[in-house]
2 protein chains.
Amino acid sequence: MTDPIRLGIAGLGTVGRGVVRIVQTHRDLLASRAGRPVEIVAVSARSRKDRGVPLDAYAWEDDPVALARRDDIDVFVEVMGGAAGPAKDATEAALAAGKDVVTANKALLAIHGHALAEAAEATGRVIRFEAAVAGGIPVIKALTEGLAGNEIRRVMGVMNGTCNYILTRMENAGLTYDEAFAEADGLGYLEADPELDVGGIDAGHKLALLAAIAFGTRVDFPNVRLEGIGSVTIEDIRQAADMGYKIKLLGVAQMTGRGLEQRMSPCLVPDTSPLGQLQGGTNMVVLEGDAVGQIVLRGAGAGEGPTASAVIGDVIDIARGLRLPTFGQPVGALRQARAAYAAVPAPYYLRLSLVDKPGALAKIAQRLGEAGISIDRMRQYGHEDTAAPVLIVTHRTTRLALDEAIAAFDSTGVVEAPPVAIRIEEV
Amino acid sequence: MTDPIRLGIAGLGTVGRGVVRIVQTHRDLLASRAGRPVEIVAVSARSRKDRGVPLDAYAWEDDPVALARRDDIDVFVEVMGGAAGPAKDATEAALAAGKDVVTANKALLAIHGHALAEAAEATGRVIRFEAAVAGGIPVIKALTEGLAGNEIRRVMGVMNGTCNYILTRMENAGLTYDEAFAEADGLGYLEADPELDVGGIDAGHKLALLAAIAFGTRVDFPNVRLEGIGSVTIEDIRQAADMGYKIKLLGVAQMTGRGLEQRMSPCLVPDTSPLGQLQGGTNMVVLEGDAVGQIVLRGAGAGEGPTASAVIGDVIDIARGLRLPTFGQPVGALRQARAAYAAVPAPYYLRLSLVDKPGALAKIAQRLGEAGISIDRMRQYGHEDTAAPVLIVTHRTTRLALDEAIAAFDSTGVVEAPPVAIRIEEV
């Protein structure tokens with residue numbers, strides 16, 4: 001098998017440039033690992049501006065769909081991004097034309113992954129997307145292949161580096177959310193639509209892809225319960241730290257007796273856990289299997305080199321002859337899981353502001369007790385005004401019971417401000 | 001491709017039993033992921049005692065070589081262990097008979113891996129050994145496949161859970177080395193020959209395998225510089241902790257301008273780093289590539305479930321048609337690297353016991369300066385006898401320069417006991 005594997009690259013932004021660089025600088029290394037030369041044949045991008053890498057040796061296509069259909073490419077590398085439009089059209093065209101596809105596009109797969117996987121099966125082609133989830137961390141491979149002997153119990157991850165950067169800056173530098181957000185923006189860390197980052201959408205796309213592989217279910221992004229980091233306050237970060245926790249935008253997918261639970265939301269995790277110790281823009285994914293126990297993977301979740309590394313890994317897999325169904329099993333074998341929410345009990349962190357009167361705390365404790373919630377730890381802080389800040393860590397309970405208790409707080413007349421409740425994920 | 005993949009399992013100890021359990025309990029799951037049924041056809045072990053799993057449905061072979069040659073198996077699963085003898089004979093027989101091999105045997109591959117890889121190529125078969133390195137962590141896969149687009153810069157790891165358990169117990173419970181060793185022994189954590197664990201041999205085997213894949217070199221275990229944990233004292237663990245470090249039995253493989261450096265030795269690492277935070281029997285491997293940066297993998301390094309998970313992952317890879325050369329490249333492409341030692345400079349931790357006289361420290365500082373070594377931090381502790389304990393963290397230097405300086409300490413007449421010098425690995 002010494003025929004070269006021929007790539008057509010659509011998109012010459014950060015990731016595309018990185019892919020070109022690796023192919024150009026590691027020609028011999030890639031050939032010896034792939035068992036055949038890896039060649040770029042043609043590229044496509046929105047403009048022909050200078051990209052800092054020589055492109056003269058490659059054919060140019062203005063239209064990525066035309067690129068995808070070229071007779072002289074084996075693999076269509078889609079690194080344009082976007083959940084629809086040219087990325088979708090070109091990927092469909094590539095599969096229809098009998099090309100394998102390597103993509104970094106989490107939005108495209110989270111929304112159209114099922115149809116694309118079917119299209120790939122129809123023409124016997126493969127879609128690989130290691131770069132779409134957690135950048136350079138080979139987590140799709142670990143989950144689909146390395147842990148294939150496991151019934152997966154839970155998948156968790158901090159998969160949006162920008163959010164983790166903002167939370168880490170709030171924590172370490174005492175910035176408010178707005179200040180940390182502005183700093184991340186100034187550094188160019190935010191997507192054009194920042195809500196993709198801070199609203200948890202981008203990370204939610206990634207979680208939906210991991211869940212499909214982990215549980216053999218159809219990709220179900222609409223049922224990822226999304227909660228961004230905009231509501232996280234410096235006050236809660238400080239109080240959580242004081243009780244031994246960090247606040248992370250954590251994605252969790254878990255198969256429960258009531259269905260598949262997928263959520264992307266701020267959670268407390270112990271500050272001594274690998275997730276709790278994750279600083280800055282780094283990503284971490286935790287995979288839990290019945291045989292293997294807990295596997296933790298950590299690395300850069302974005303950037304030219306890490307993302308291009310993942311793309312090239314997929315290209316070499318294809319060159320080596322590895323041909324798997326898109327989500328590890330044929331589309332027909334993927335189940336449509338019932339969506340569950342709040343099915344898994346957990347301890348909760350509660351921050352309350354109570355009127356400074358005798359018996360106030362007793363009333364709160366009573367309402368919690370009536371909802372079947374017991375208190376693990378409680379702290380009342382010194383204060384200067386009439387409201388007393390109170391922190392409670394509950395024992396394991398359901399979100400439903402907690403919401404009932406919180407609703408019942410109203411009638412006590414001792415709660416000054418809306419209570420803050422954040423799940424403590426048991427990692 | 002709906003023919004079953006048929007396994008012959010040689011060895012029914014902890015790992016073998018785990019493999020049988022997964023195949024028996026996850027029949028449908030494995031079939032859907034592998035694309036074909038996974039079946040056990042025959043087994044072999046030293047005795048027919050009860051293993052806690054039903055074996056009646058499988059043919060029995062007293063001789064693993066006979067098992068390896070059976071016409072009705074596709075994959076020979078070698079989970080007997082041992083660097084020579086039956087494991088080697090049976091693996092050779094399996095390859096000669098045209099069977100693929102999945103093994104958990106690090107010693108066999110570290111010593112005979114090259115010849116076995118050649119035998120596999122001669123008959124067009126594959127050898128997979130994910131279970132041989134870091135148990136359930138899919139690190140062979142991450143390195144060989146996921147990071148295939150990278151020039152690997154460095155591979156590091158804590159890959160012997162028993163040693164990390166002993167060091168962690170010394171650190172957290174204040175046990176001496178002998179006490180912690182006895183505790184690990186009582187818990188059954190030690191190999192029959194404990195030197196395999198505490199002497200760094202077992203972990204050294206694993207490092208040699210990772211290095212071959214990482215650098216495209218022939219497996220070269222004899223040139224892994226081994227230093228066990230027997231010389232680590234509670235005193236050094238405490239002093240290191242006080243300066244913000246942990247002591248770990250750390251394997252490091254690195255390609256340098258002077259050749260391939262492979263060492264397995266106690267090192268200091270920052271207590272805030274992922275390696276520094278690793279507690280108990282858990283394993284961690286750090287992979288550094290030019291594009292991907294640093295990838296950290298963490299999980300159980302031993303035990304029935306994790307090791308069997310890795311074996312089954314390999315079996316499913318084979319069932320899915322993934323066929324790679326043993327070390328990621330054909331044997332003929334692997335270079336014989338020159339062995340280097342102490343080629344990479346590093347900071348060092350130095351613990352000295354100096355006579356309590358004016359000018360003693362100045363004499364030591366002078367000798368270090370003469371060897372070109374500058375001091376980053378220094379601490380002198382209060383003491384009750386005539387010898388003053390002094391701790392020095394040097395700036396980056398070579399081991400050669402440090403050894404020169406230490407030799408020169410003798411002539412000062414102020415050093416009371418042999419100095420302790422431990423490398424600080426920059427992670």
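The values are calculated or read from the model by the stated rules, or taken from the named source; none is laboratory data. None of the values given here were measured: they were computed from a predicted structure. All Cβ positions, glycine included, derive from the backbone under ideal geometry; neighbour counts span all protein chains shown.
Quick notes
- Exclusive hit being of a type in the set (Phe, Trp, Tyr), outside the structural domain of A:ILE111 (by TED's automatic domain parsing) and closer than 26 Å to B:ASP271 by Cβ, set A:TYR189, A:TYR245: A:TYR245
- For the stretch A:308-323, the count of residues that are crowded, with 24+ Cβ neighbours inside 10 Å, of a type in the set (Gly, Ala, Ser) and more than 7 Å from chain B (Cβ to nearest Cβ) is nonzero.
- Residue ID - nearest to B:GLU191 (Cα to Cα), chosen from residues in the stretch B:144-167 that are within 14 Å of chain A (Cβ to nearest Cβ), out of contact with any strand residue (DSSP E or B) (no Cβ under 9 Å at 6 or more places or on another chain) and not charged (D, E, K, R): B:THR144
- Taking residues in the stretch B:99-119 that are over 16 Å from B:PRO86 (Cα atoms) and in contact (Cβ under 8 Å) with a residue 60 or more places away in the chain, and partners anywhere that are of a type outside the set (A, V, I, L, M, F, W, C) and surrounded by fewer than 24 Cβ atoms within 10 Å (Cβ to Cβ), the pairs with Cβ atoms closer than 8 Å and at least 6 places apart or on different chains are B:LYS99/B:ASP74; B:LYS99/B:ARG125; B:ASP100/B:ASP74; B:ASP100/B:ARG125; B:HIS114/B:ARG218; B:ALA117/B:PRO325.
- Qualifying residue in the stretch A:378-398 (condition: away from chain B (no Cβ under 14 Å), of a type in the set (Asp, Glu) and closer than 28 Å to A:CYS163 by Cα): no
- Residue among A:GLN380, A:GLN336 that alone is among the polar types (S, T, N, Q) and within 30 Å of B:LEU29 (Cα to Cα): A:GLN336
- Exactly one residue out of B:ALA68, B:ALA96 is surrounded by 16 or more Cβ atoms within 10 Å (Cβ to Cβ), closer than 29 Å to A:LEU322 by Cβ and more than 14 Å from chain A (Cβ to nearest Cβ): that is B:ALA68.
Conditions (1) touching a Pro at 6+ places or on another chain (Cβ under 7 Å); (2) farther than 24 Å from A:GLN336 by Cβ, marked per residue:
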| site | (1), (2) |
| --- | --- |
| A:GLU92 | no, no |
| A:ALA97 | no, yes |
| A:ALA119 | no, no |
| A:GLY146 | yes, yes |
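- For the stretch B:244-257, the tally of residues that are of a type in the set (Val, Ile, Thr) and surrounded by 21 or more Cβ atoms within 10 Å (Cβ to Cβ) stands at 2.
Residue-wise test of (1) of a type outside the set (A, V, I, L, M, F, W, C); (2) on the phi < 0 side of the Ramachandran plot; (3) surrounded by 19 or more Cβ atoms within 10 Å (Cβ to Cβ).
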| site | (1), (2), (3) |
| --- | --- |
| B:THR162 | yes, yes, yes |
| B:TYR165 | yes, yes, yes |
| B:ASP242 | yes, yes, no |
| B:GLY259 | yes, no, no |
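- You will find that of A:ARG367, A:ARG377, the residue that is under 22 Å from A:ALA240 (Cβ atoms) and among the charged types (D, E, K, R) is A:ARG377 and no other.
- The residue of the stretch B:52-62 that is farthest from B:HIS26 (Cα to Cα), among those that are modelled with pLDDT of 95 or more and in a loop (DSSP other than H, G, I, E, B), is B:ASP62.
- Residues in the stretch B:1-45 that are among the hydroxyl-bearing types (Ser, Thr, Tyr), within 14 Å of chain A (Cβ to nearest Cβ) and either out of contact with any Ser or Thr (no Cβ under 8 Å at 6 or more places or on another chain) or part of a strand (DSSP E or B) (or both): B:THR2, B:THR25, B:SER32.
- Any hit, the stretch A:191-207, residues being closer than 22 Å to A:ALA115 by Cβ, within 14 Å of the chain's Cα centre (by Cα) and part of a loop (DSSP other than H, G, I, E, B): no
- Candidates B:GLY135, B:GLY161, B:GLY149 - the one that is more than 27 Å from B:GLN239 (Cβ to Cβ) and within 15 Å of the chain's Cα centre (by Cα): B:GLY135
- Residue check for A:GLU121: within 14 Å of chain B (Cβ to nearest Cβ), surrounded by 24 or more Cβ atoms within 10 Å (Cβ to Cβ) and part of a helix (DSSP H, G or I): no
- Selection status of B:VAL331, modelled with pLDDT of 95 or more, crowded, with 19+ Cβ neighbours inside 10 Å and not assigned by TED's automatic domain parsing to the domain that holds B:ASN160: yes
Residues checked against (1) out of contact with any Leu (no Cβ under 8 Å at 6 or more places or on another chain); (2) within 18 Å of A:PRO37 (Cβ to Cβ):
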position	(1), (2)
A:PRO54	yes, yes
A:TYR58	yes, yes
A:LEU67	yes, no
A:ILE73	no, yes
A:PRO86	yes, no
A:THR91	no, no
A:ALA94	yes, no
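- Look at (1) buried (at least 24 other Cβ atoms within 10 Å of the Cβ); (2) touching a residue at least 60 places away in the same chain (Cβ under 8 Å); (3) assigned to a helix (DSSP H, G or I) and you find that A:MET80 fails only one, number (3).
- From the list A:ARG169, A:ARG153, the lone residue that is assigned by TED's automatic domain parsing to the domain that holds A:ARG263, surrounded by fewer than 24 Cβ atoms within 10 Å (Cβ to Cβ) and within 17 Å of A:LEU278 (Cα to Cα) is A:ARG169.
- Residue satisfying condition, being within 12 Å of chain B (Cβ to nearest Cβ), within 18 Å of the chain's Cα centre (by Cα) and surrounded by fewer than 24 Cβ atoms within 10 Å (Cβ to Cβ), within set A:LEU297, A:LEU278: A:LEU278
- For A:VAL102, the criteria (1) closer than 22 Å to A:LEU209 by Cα; (2) away from chain B (no Cβ under 13 Å) hold in every case but one, which is (2).
- Check on A:ALA214, free of Cβ contacts under 8 Å to residues at least 12 places away in the same chain, small (Gly, Ala, Ser) and either buried (at least 24 other Cβ atoms within 10 Å of the Cβ) or assigned to a helix (DSSP H, G or I) (or both): no
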